[in-house]
Amino acid sequence: MTMTGRKNTGNASVPLLVLLSLVFCFATYNLLTIVMRNIAIMRLVVDDSNGKLLSNPVLQMPGDTQKQKTSGSPFHIALTATDAPYSKWQSRIMYYWYKKKKDLPGSEMGGFTRILHSGNPDNLMDEIPTIVVDPLPAGLDRGYIVLNRPWAFVQWLEKATIEEEYILMAEPDHIFVKPLPNLADGGYPAAFPFFYIKPAENENTIRKFFPEKNGPVTNVDPVGNSPVIIKKEMLQKIAPTWMNVSLRMKADSETDKAFGWVLEMYAYAVASALHGVKHMLRKDFMLQPPWDLQIGKKFIIHYTYGCDYNLKGELTYGKIGEWRFDKRSYLRGPPPRNLSLPPPGVPESVVTLVKMVNEATANIPNWDTE
């Protein structure tokens, strides 16, 4: 009887254990799935191959919790520029689209200032709200013209009356493709993360300007100064540091060689970290043709890269295409009106860019004026 009872008990336990094991495995699988999914969400699930925004646009939210909330406050657009023809025609297109999008639903765009750091007024003073500031003393930029940008912001912030609490730092080759809300969240500026700004991979260089006492190198965000929406009082603190770090980086031959044309961007990232400022990284802030293929839910087109295609609509990057649009083709003067549209098969982002350039040039008076 006892033996029989033990045998029956054992037989009854096997199915139960199997069932419990299956339940445990299923629960574990579901838990891991949830965890992995949440990690993906926290990292911003964006498919850059087709430009579709799949989930939360916030790649990094400082603090313990991630939240999506805009400040609701208007921001002032600050565009740094020179009086070179190349800078002027881009600024005119940028200002045209600012005016088109400023008052549309969803926009929190406030006033606009072109900060002209050439030292003298030019022929766009009546067309674009402009304040003239001084360039760096001769030779100090060492031929690196964007080194004037932080110095321009220092001067502008000291001499201008800016009504808005927030500032968007912008560049001439930005086109507002949608009305832009204030993406900043209180003390957290909003910035676009650049894949080529890699503080952790350049720790030895970064440490020359961001000592260990200031914390881990991961405190330096992978951003440049533009596009960034930031509180005015915060930028007033960062700008002088940004200027000084830029000059120190340029004067250091190893740093200059390591960072090259993005040196000033690294300087802004380091200066922000020195002031304890962390940015919300917003992948939806802008797109960059030809690599971003669709507009999606993004707000700004940044046309810094050349767009070269053959007549089959295939990208020929690095090789001049049978059809091309590259801002560097127009260094000495503006592009002509009514540029030819790309051939069939070219991504939406490139087609939209050319159409928006054409609309602007068709409607800006005296377009051929340098």
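Worth a mention:
- None of THR361, THR304 is surrounded by fewer than 19 Cβ atoms within 10 Å (Cβ to Cβ), under 27 Å from the mean Cα position of the chain (by Cα) and either under 23 Å from PHE176 (Cα atoms) or of a type in the set (A, V, I, L, M, F, W, C) (or both) except THR304.
- Of all the criteria given as (1) farther than 28 Å from VAL357 by Cα; (2) over 13 Å from the mean Cα position of the chain (by Cα), the one not satisfied by PRO181 is (1).
- Filter result for PRO193 (out of contact with any helix residue (DSSP H, G or I) (no Cβ under 8 Å at 6 or more places or on another chain) and open to solvent by less than 30 Å² (accessible area, probe 1.4 Å)): yes
- Only a single item in (1) touching a Ser or Thr at 6+ places or on another chain (Cβ under 9 Å); (2) of a type in the set (Ser, Thr, Tyr); (3) open to solvent by 20 Å² or more (accessible area, probe 1.4 Å) is not met by TYR309, and it is number (3).
- Contact map, the range 180-196: first residue in a loop (DSSP other than H, G, I, E, B), second residue among the aromatic types (Phe, Trp, Tyr) and at pLDDT 95 or above, Cβ cut-off under 7 Å, separation 6 or more or different chains; pairs are LEU180/PHE299; ASN182/PHE75; ASN182/TYR166; LEU183/PHE285; ALA184/TYR166; PHE192/PHE285.
- Every residue from the range 295-317 that is in a loop (DSSP other than H, G, I, E, B) and either of a type in the set (Asp, Glu) or under 23 Å from GLN90 (Cβ atoms) (or both): ILE295, LYS298, PHE299, TYR303, THR304, TYR305, GLY306, GLU314, TYR317
- Residue within the range 143-152 that is surrounded by fewer than 20 Cβ atoms within 10 Å (Cβ to Cβ), at pLDDT 95 or above and not in a loop (DSSP other than H, G, I, E, B) present: no
- Among the residues of the range 83-132, just one is open to solvent by less than 20 Å² (accessible area, probe 1.4 Å), charged (D, E, K, R) and free of Cβ contacts under 8 Å to residues at least 40 places away in the same chain, namely ARG114.
- Residue count for the range 207-239 under the criterion of being open to solvent by less than 50 Å² (accessible area, probe 1.4 Å) and either under 22 Å from TRP151 (Cβ atoms) or acidic (Asp, Glu) (or both): the result is 18.
- Residue count, the range 323-350 (criterion: open to solvent by 20 Å² or more (accessible area, probe 1.4 Å), farther than 25 Å from SER87 by Cβ and aliphatic (A, V, I, L, M)): 1
- Meets criteria (in contact with a His (Cβ under 6 Å, 6 or more places away or on another chain), farther than 16 Å from SER91 by Cβ and either of a type outside the set (Ser, Thr, Tyr) or surrounded by 20 or more Cβ atoms within 10 Å (Cβ to Cβ) (or both)) for PRO135: yes
The values are calculated or read from the model by the stated rules, or taken from the named source; none is laboratory data. Keep in mind it's a predicted model, so treat the numbers as computed, not measured. Quick reminder, even Gly has a Cβ in these numbers, built from the backbone with ideal geometry, and neighbours come from all protein chains shown. Side chains included, ligands, DNA and RNA excluded: accessible areas come from the protein's heavy atoms. Shrake-Rupley method; radii C 1.70, N 1.55, O 1.52, S 1.80 Å.
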